[in-house]
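Before any comments, here is the structure.
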Amino acid sequence: MKRKNKEIGGRVLSSFVLLGAVFVLLTVMGSCIKDDIPYPRIAQNIRALVAEGESRPTILDSVTCQADVYLSEAVDIMAVRFSEYVITEGGTSDPNLLEGTYDLSSPLEVTLKRYQEYPWKVIGHQEIERYFEVEGQVGESVIDVVARRVIVSVTNRVDLSKVRIVNAKLGAAKVSETVPDLRPGWDIDLSHPFKVVVTAFGRSEVWTIYAEVVESLANTTSVDAWSEVIWAYGTCPEDMTGGFEYRESGSEEWITLDQKYVSQTGGSFYAYIPHLTPLTEYSVRAVVPTQKGNEIKVTTAGTADIPDGDFDQWWKDGNVWNPYPEGGDQFWDTGNTGAATLGQSNVVPTDHTVTGTGQAAQLETRFVGLFGLGKLAAGSIYTGKFVEVDGSNGILDFGRPWTLRPTRLKGYYQYSAADINYADKQLDFMKGQPDTCHIYVALTDWAGPFEIRTNPAKRQLFDPNSPSVIGYGELIYSGKMSEYKEFVIDIKYRDTAKVPTYLLITCAASKYGDYFTGGAGSILYVDQFSFDWDYPEGMSPLKLLSGKNHIQSRNSKAQYKK
């Protein structure tokens, strides 16, 4: 033992001698050594941001370095406080958002720093619900927030010097005061511009209310043509029932639309006209019992199959299976490129199909790695392209160009859930629960493919609540199935006028696979995907439209003069 201690001591002494010599040498050479060692680049990101009184969670985009904060009406957007603020470990923030209040009425510049500076923008969003309704009104009022004016249309039967208020709200709920008070049941004089003062958080705005007398009782305000469905919008006096008539180009016969397809709120109404022919011109007009409205002509769009929706086309490149023909056009892709870096493809073709012929896609969640080192890879297939591997994570382009508006996504699936045995720290409570599969479809107005990043340090995932999502529908299932089952996903549109630019369809064997959470051994089969373009009888797509101000936004016009 003493001999070993002597040997160790000798090594230590030799090491000190060597270090001393190196120190002397560096001291002598110090005057001619340049400090040109580059600092490492470690991206600094906002990892979490919670505002007091937020209406929904903040959206963090680590690619554009932008944080979108959504505030409720009761929050002063010029004095916002944050209750949670997390940035990349080791970095600094100027300013520190946990200190003080911040004006988000314009973008807030935040600089994160670790060796280099990384500028971020924090952008506040606040929607204040405003409305103004009077007796004898035709259609919805135009509420111009920028000019702070309201234009209300009424029939010539209304005495403008004594207009009765039905409902009105121009300021933020519970925190604003209006002088004079626009209380329901009160009369105001709209024979000339009527001014009111709206005060909130010590700041006042002057609003002006104008009245416009309309001669026509039925007005067709807009018509949106899809493939086999047309959406029509109209206005009429609030005490009348509005409806629509339509006819195919070249026909003399007008068809009266059944009222079951019509929804009316006050003086505004809208409807869907189903069972139409693609690529055909139609005329549509609003009607009331005593009058026909103006006519609008539109042409329905065509239809299209989902490319490779039967999942029959595959080819193998090394140990990576690709869901498209070799040398052919690619519409779908998988995470196989990432999974195969540490193992084999976990999305593969299979002859277990609905029809008993051709191929289907088998998606399996697996732990990929060597000697216990690695991570969970959820089997997934999506419309888009796998871009590259980021360490042990992936960068993907979601979406394919698409301009049509289907009504439903159909297909077949079979799922067998394993218990969740791998989980992200934040989802550790899910361990032991059955896994869940996820199939969803989205129509968006993206300018290009949406970049997905699974790296936790700069994670960016798809958000169905994003304003860029026009239509969305999903299927979520947890359990074990012994055979294929047909599914139908209704697509809920937020706006019938917007034309999509991209289509996203995603299938995953583990719903939380983006967070590396799921059950190894969960398997999802998918086959025979297709679209519907019409609405079946018995279904009310009027209920699928989301957004309280949907009708108002479609019927309002801004072509008015003071």
**OP:** Consider only pairs whose beta carbons are under 9 Å apart and that are at least six residues apart or on different chains; among these, list those whose first residue lies in segment 99-126 and is within 12 Å of CYS65 (Cα to Cα) and whose second residue is open to solvent by less than 50 Å² (accessible area, probe 1.4 Å) and of a type in the set (D, E, K, R).
**Re:** VAL122/ASP68; ILE123/ASP68
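May I ask you to verify whether GLU238 is buried (at least 20 other Cβ atoms within 10 Å of the Cβ), under 35 Å from the mean Cα position of the chain (by Cα) and either modelled with pLDDT under 95 or within 30 Å of ASP76 (Cα to Cα) (or both)?
On the way: buried (at least 20 other Cβ atoms within 10 Å of the Cβ): yes; under 35 Å from the mean Cα position of the chain (by Cα): yes; either modelled with pLDDT under 95 or within 30 Å of ASP76 (Cα to Cα) (or both): yes.
Yes.
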Original post:
List the pairs whose first member sits in segment 529-545 and is touching a residue at least 24 places away in the same chain (Cβ under 8 Å) and of a type outside the set (A, V, I, L, M, F, W, C), whose second member is open to solvent by 20 Å² or more (accessible area, probe 1.4 Å) and in a strand (DSSP E or B), and whose Cβ atoms are under 8 Å apart, counting only residues at least 6 apart or on separate chains?
Top reply: SER530/LYS410; ASP532/ARG408; ASP532/LYS410; ASP532/VAL488; PRO541/ASP490
Subject >> Filtered residue count, segment 162-206, keeping only those that are outside any loop (DSSP other than H, G, I, E, B) and either open to solvent by 30 Å² or more (accessible area, probe 1.4 Å) or within 26 Å of TYR233 (Cβ to Cβ) (or both) >> reply: 20
**OP:** Go through segment 241-272 and give me each residue that's open to solvent by less than 40 Å² (accessible area, probe 1.4 Å), of a type in the set (Ser, Thr, Tyr) and part of a strand (DSSP E or B).
**Re:** TYR246, SER263, SER268, TYR270, TYR272
Original post:
Looking at (1) within 23 Å of THR383 (Cα to Cα); (2) among the charged types (D, E, K, R); (3) in contact with a Gly (Cβ under 6 Å, 6 or more places away or on another chain), can you tell me which one ASP419 breaks?
Top reply: (1)
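May I ask you to verify whether ASN322 is of a type outside the set (Asp, Glu), open to solvent by less than 20 Å² (accessible area, probe 1.4 Å) and in contact with a Lys or Arg (Cβ under 8 Å, 6 or more places away or on another chain)? Walk me through it before giving the result.
Working: of a type outside the set (Asp, Glu): yes; open to solvent by less than 20 Å² (accessible area, probe 1.4 Å): yes; in contact with a Lys or Arg (Cβ under 8 Å, 6 or more places away or on another chain): yes.
Taking the combined requirement at face value, the residue satisfies it.
Kindly indicate whether any position in segment 337-347 is of a type in the set (A, V, I, L, M), open to solvent by 20 Å² or more (accessible area, probe 1.4 Å), more than 30 Å from PHE516 (Cβ to Cβ) and assigned to a loop (DSSP other than H, G, I, E, B).
Pass one, segment 337-347, residues of a type in the set (A, V, I, L, M): 339-340, 342, 347.
Cutting the leftovers down to open to solvent by 20 Å² or more (accessible area, probe 1.4 Å) gives us 342.
Now drop any that are not more than 30 Å from PHE516 (Cβ to Cβ), which leaves none.
Looking through segment 337-347, none of the residues is of a type in the set (A, V, I, L, M), open to solvent by 20 Å² or more (accessible area, probe 1.4 Å), more than 30 Å from PHE516 (Cβ to Cβ) and assigned to a loop (DSSP other than H, G, I, E, B).
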Original post:
Can you pull out the residues in segment 277-333 that are modelled with pLDDT of 95 or more and of a type in the set (Phe, Trp, Tyr)?
Top reply: TYR282, PHE311, TRP314, PHE331, TRP332
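Taking only segment 65-98 into account, find how many residues are in contact (Cβ under 8 Å) with a residue 60 or more places away in the chain and open to solvent by less than 30 Å² (accessible area, probe 1.4 Å).
First pass over segment 65-98, keeping only residues in contact (Cβ under 8 Å) with a residue 60 or more places away in the chain: 73-74, 76, 78-79, 88.
From what's left, open to solvent by less than 30 Å² (accessible area, probe 1.4 Å): 76, 88.
Final tally of qualifying residues: 2.
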Original post:
Assuming PHE132 fulfils every condition listed in (1) in a strand (DSSP E or B); (2) without any contact (Cβ under 8 Å) to a residue 12 or more places away in the chain apart from one, which condition is it?
Top reply: (2)
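Please determine, by comparing only the residues of segment 387-400 that are touching a Leu at 6+ places or on another chain (Cβ under 8 Å) and open to solvent by 20 Å² or more (accessible area, probe 1.4 Å), which one is modelled with the highest pLDDT. Walk me through how you get there before you give the answer.
Restricting attention to segment 387-400, the residues satisfying the condition of being touching a Leu at 6+ places or on another chain (Cβ under 8 Å) are 387, 392, 398-400.
Next, from what is left, pick out any that are open to solvent by 20 Å² or more (accessible area, probe 1.4 Å): 387, 392, 400.
Details: VAL387: 80, SER392: 57, ARG400: 96.
Among residues in segment 387-400 that are touching a Leu at 6+ places or on another chain (Cβ under 8 Å) and open to solvent by 20 Å² or more (accessible area, probe 1.4 Å), the one modelled with the highest pLDDT is ARG400.
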Original post:
If SER227 passes every condition in (1) buried (at least 16 other Cβ atoms within 10 Å of the Cβ); (2) under 37 Å from the mean Cα position of the chain (by Cα); (3) under 30 Å from ILE188 (Cβ atoms) but one, which one does it miss?
Top reply: (3)
Subject >> Selection from segment 457-497 of residues that are without any contact (Cβ under 8 Å) to a residue 60 or more places away in the chain, closer than 23 Å to GLU364 by Cα and open to solvent by less than 50 Å² (accessible area, probe 1.4 Å) >> reply: LEU461
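Within segment 114-129, which residues are in a strand (DSSP E or B) and open to solvent by less than 60 Å² (accessible area, probe 1.4 Å)? Steps first, answer last, please.
First pass over segment 114-129, keeping only residues in a strand (DSSP E or B): 114, 116-126.
Answer for segment 114-129, where residues must be in a strand (DSSP E or B) and open to solvent by less than 60 Å² (accessible area, probe 1.4 Å): GLN116, TYR118, TRP120, VAL122, ILE123, GLY124, GLN126.
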**OP:** Could you grab me the full set of residues in segment 49-64 that are among the polar types (S, T, N, Q) and open to solvent by less than 40 Å² (accessible area, probe 1.4 Å)?
**Re:** THR58, SER62
Subject >> Test: GLU135 is over 28 Å from LEU217 (Cβ atoms) and either open to solvent by 40 Å² or more (accessible area, probe 1.4 Å) or touching a Cys at 6+ places or on another chain (Cβ under 8 Å) (or both) >> reply: no
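Among the residues of segment 207-224, count how many are of a type outside the set (S, T, N, Q), closer than 24 Å to LYS292 by Cα and surrounded by 18 or more Cβ atoms within 10 Å (Cβ to Cβ).
Kept after step one, since they are of a type outside the set (S, T, N, Q), are these residues of segment 207-224: 207, 209-215, 217-218, 223-224.
Those still in the list that are closer than 24 Å to LYS292 by Cα too: 211-215, 217-218, 223-224.
Then keep just the ones that are surrounded by 18 or more Cβ atoms within 10 Å (Cβ to Cβ); that gives 211, 217-218, 223-224.
Adding up the residues that qualify gives 5.
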**OP:** Answer yes or no: is there a residue in segment 20-42 that is at pLDDT 50 or above, of a type outside the set (Lys, Arg), open to solvent by less than 70 Å² (accessible area, probe 1.4 Å) and in a loop (DSSP other than H, G, I, E, B).
**Re:** yes
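The values are calculated or read from the model by the stated rules, or taken from the named source; none is laboratory data. Just so it is clear, the model here is predicted, and its values are computed rather than measured. Note that we place each Cβ from the backbone using ideal geometry, even for glycine, and neighbour counts take in every protein chain shown. In case anyone asks, the SASA skips ligands and DNA or RNA and just uses the protein heavy atoms, side chains included. Shrake-Rupley method; radii C 1.70, N 1.55, O 1.52, S 1.80 Å.
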